[in-house]
Amino acid sequence: MTKNILTLFIAFLQIGSFSIGGGYAIIPLIQEQVVNSYNWLTLQEYTDIITISQMTPGPLVVNTASFVGIRLAGISGAVAATLGSILAGFIISILLYKFFHKYKNIHSISNVLKGLRSSSVGLIASAASTIILIAFIGSDSLDSKGTSVNIAAIIMFTLSMFLLRKYKLNPMLIIGLTGAVGLFIY
């Protein structure tokens, strides 16, 4: 049990070390650790956690750490994984703030931030494409055999995007409506 707790802490410390800014850009790194490296969750379970985290308060990495930790080692596992996920980010954020505040007028620092911004968009797009593929065809790869297209998911996705972009509806309303529709369709 102690080994599991230490492994959870270290794994989420690694994730937290690279998740400054958090959000969707960190999804591929979390997936690599909890699904691919340690096999703590299946890809479907991981996708479900991403979905649930959108409806619960708190950062994605903290919600995932708490879920994985409690699943593997109970409350102490959740505490260890959660602390691991926030510790490095907390320390690095303070150091980066001091650095960027001190050197904010240097042109090359501005260029570094532009490069980081661009890579964040790529990470977010990668995570979004994985979630879309799982929702639409049940796999994270287009070359999977025996997969079928989920027409209902595509329709709900399209309507959600339309309602959010055109009418600026509250995302919680969209989540509630699609959840209710999903209850009847699936």
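The requirement of being modelled with pLDDT of 90 or more and either closer than 20 Å to Ile52 by Cβ or part of a helix (DSSP H, G or I) (or both) is not satisfied by Ala128.
When the stretch 131-152 is filtered for residues that are more than 16 Å from Thr47 (Cα to Cα), among the aliphatic types (A, V, I, L, M) and modelled with pLDDT of 85 or more, the ones remaining, listed by number, are Val149, Ile151, Ala152.
For the stretch 88-99, the criterion of being aromatic (Phe, Trp, Tyr) and either farther than 28 Å from Thr7 by Cβ or modelled with pLDDT of 90 or more (or both) is met by at least one residue. Ile124: surrounded by 15 or more Cβ atoms within 10 Å (Cβ to Cβ) and at negative phi, yes or no? The answer is yes for Ile124. At pLDDT below 85, part of a helix (DSSP H, G or I) and loosely packed, with under 13 Cβ neighbours inside 10 Å: does that describe Leu183? For Leu183, the condition - at pLDDT below 85, part of a helix (DSSP H, G or I) and loosely packed, with under 13 Cβ neighbours inside 10 Å - is not met.
Listed by first and then second residue, the pairs linking a residue in the stretch 130-142 that is closer than 13 Å to Ala152 by Cα to a residue that is small (Gly, Ala, Ser) and modelled with pLDDT of 85 or more, with Cβ atoms under 6 Å apart and 6 or more places separating them unless they lie on different chains, are Ala135/Ala153; Phe136/Ala153. Pairs linking a residue in the stretch 21-44 that is within 17 Å of Ser139 (Cβ to Cβ) and modelled with pLDDT of 90 or more to a residue that is among the aromatic types (Phe, Trp, Tyr) and surrounded by 14 or more Cβ atoms within 10 Å (Cβ to Cβ), with Cβ atoms under 8 Å and 6 or more positions apart or on different chains, are Gln31/Tyr46; Val35/Tyr46. Restricting the stretch 131-173 to residues that are basic (Lys, Arg) and either part of a helix (DSSP H, G or I) or surrounded by 12 or more Cβ atoms within 10 Å (Cβ to Cβ) (or both), the residue that is farthest from the chain's Cα centre (by Cα) is Lys166.
The values are calculated or read from the model by the stated rules, or taken from the named source; none is laboratory data. Since this is a predicted model, take the numbers as computed values, not measurements. We place every Cβ from the backbone using ideal geometry, glycine too, and count neighbours over all the protein chains shown.
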